[in-house]
Amino acid sequence: SVELMEKLIPYAVQQKKAFFLFTEHDTVYTSGTNTAKDHILDKSIEVKPVRRGGSVTVHSSGQLMFYTVMPFQEVKAGLQGHIRHLEFAIIRSLFERQIYSYTMFPHSGVFTPKGKIAFIGIGLKKGSIFHGAGINIATDLNVYKPILSCGLTIPPTSFVDHISQKEIHKNEIYISFAQSLYKHFKRLYQPIEPAKERMILSHEQKIYANFDLFLHGLHYFNARSFWRAHEAWELYWHTLVEEKKRAVQFFIQWSMAYYKLQQQNWKGANSLLQKAENKLPVAKKEFPSLRANGQLLEDAFFEVVSAVKKQKLIPVVLEL
């Protein structure tokens, strides 16, 4: 896979095109640039160094690999934004299958209450971003025992741990999941088509004429690109009348509070959350179907407020 990606790099750069690869590997342990010696628990295993970020991890049967080869100059969000987009595409794909997942700042990858389900490492070479994400579908989790994958003590989990059916057809899940990943990831690199978006909305599309801007903000918020979320929501704010402006201000201030948290500015985050709290009633009214971490908007928001006061961070995923 690495050889194929490296062969595609000059084509990606010269033609300004992206290539997406889906595959599965036999068991192989690889190490990225941030691998520490104590991340490898069993010194007898063979670990292959690869040109990507992150620590040691494992690829194995039952894990769907999603590789991207893209010219870096076309990735406007930068390396970190690219990682956030990968995470968001995985979160959306899991959500479509009734699996709640989230990111866990400051770590990359995707987590569920049962553990880490997706692992991300990307690299730069000759003007191109390459490598990508591994999503555990039906992985034998014992392959993780010789390592601290990504340097974390959080246990790994897989797709089959979250579904009730006893028999699964792995290849069918691979195809379905790959189609979802491609759809959601590609969508983040192209303008959203408002007409298509409004077809799947219930209440909000009847109220707002430029709702695609709100959806851009929602994508960036869930992808932990909080500055970009606030920028998208501010553009949307300018299209609205007063009452609706207050509702969107709630999300602008919430996203900026998380931006402050990324900078370890707890005081600034507390101040912004207090301002946002004043606008919570109108946000609930204007966005009645919106949920945060699967909860009512106000319940999740007050959990965040309480945690930040204790200098703790709760990852949040917003869903319509």
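Taken together, the values in this text are just the output of simple stated rules run on the coordinates, not laboratory data. Keep in mind that this is a model prediction, so the values were computed, not measured. Positions of Cβ are generated from backbone atoms using ideal geometry, with glycine treated the same way; all protein chains shown enter the neighbour counts.
Brief remarks on what is shown
- Dipole magnitude of the chain, debye to nearest 20 (Cβ charges: Lys/Arg +1, Asp/Glu -1, about Cα centre): 660
- If a spin label sat at a point 7 angstrom from the Cα of K285 along the line to its beta carbon, the backbone N atoms of region 233-248 nearer than 20 Å would be those of 237-248.
- Amide H contacts under 5 Å for V56, placed H, 5+ residues apart: G32, A36, C150, G151
- Loop sites here are GluC sites (Glu not before Pro) outside DSSP states H, G, I, E and B with no more than 10 other Cβ atoms within 10 Å. The longest part of the chain free of them is 168-320.
- Axis angle, to the nearest 10 degrees, between helix 211-222 and the longest C-alpha principal axis of the chain: 50 degrees.
- The distance separating the Cα centre of region 1-59 from that of region 81-111 comes to 20 Å.
- With a cut-off of 14 Å on the backbone N, the residues of region 243-259 near the modelled label site 7 Å out from E277 along Cα-Cβ are 254.
- Net +/- balance of residues flanking T112 in space, Cβ distance below 12 Å, scoring K and R +1, D and E -1: +2
- Centroid-to-centroid separation of region 229-255 and region 115-186 [C-alpha atoms, Å]: 35
- Gain on full stretching of the segment that runs from L79 to N34 - 0.36 nm per residue minus C-alpha separation: 14.6 nm
- Full extension of the chain segment joining S176 with R97 gains 27.4 nm, where the gain is 0.36 nm per residue of separation less the Cα-Cα distance.
- Annotation: extensible slack from T239 through H169 equals 20.4 nm (criterion: 0.36 nm per residue apart, minus Cα-Cα distance).
- Helix 242-262 vs. the chain, principal-axis angle (Cα, 0 to 90°, nearest 10): 40
- Taking every DSSP helix (H) stretch of at least 4 residues in the chain, weighting each as -39,500 (n - 2.57) and dividing the sum by the residue count yields a mean residue ellipticity at 222 nm of -13000 deg cm²/dmol.
- Counted by neighbouring Cβ atoms within 10 Å, the residues H238, H25 run from fewest to most as H238, H25.
- Degrees separating the helix 266-277 axis from the principal Cα axis of the chain, which is the longest one: 50
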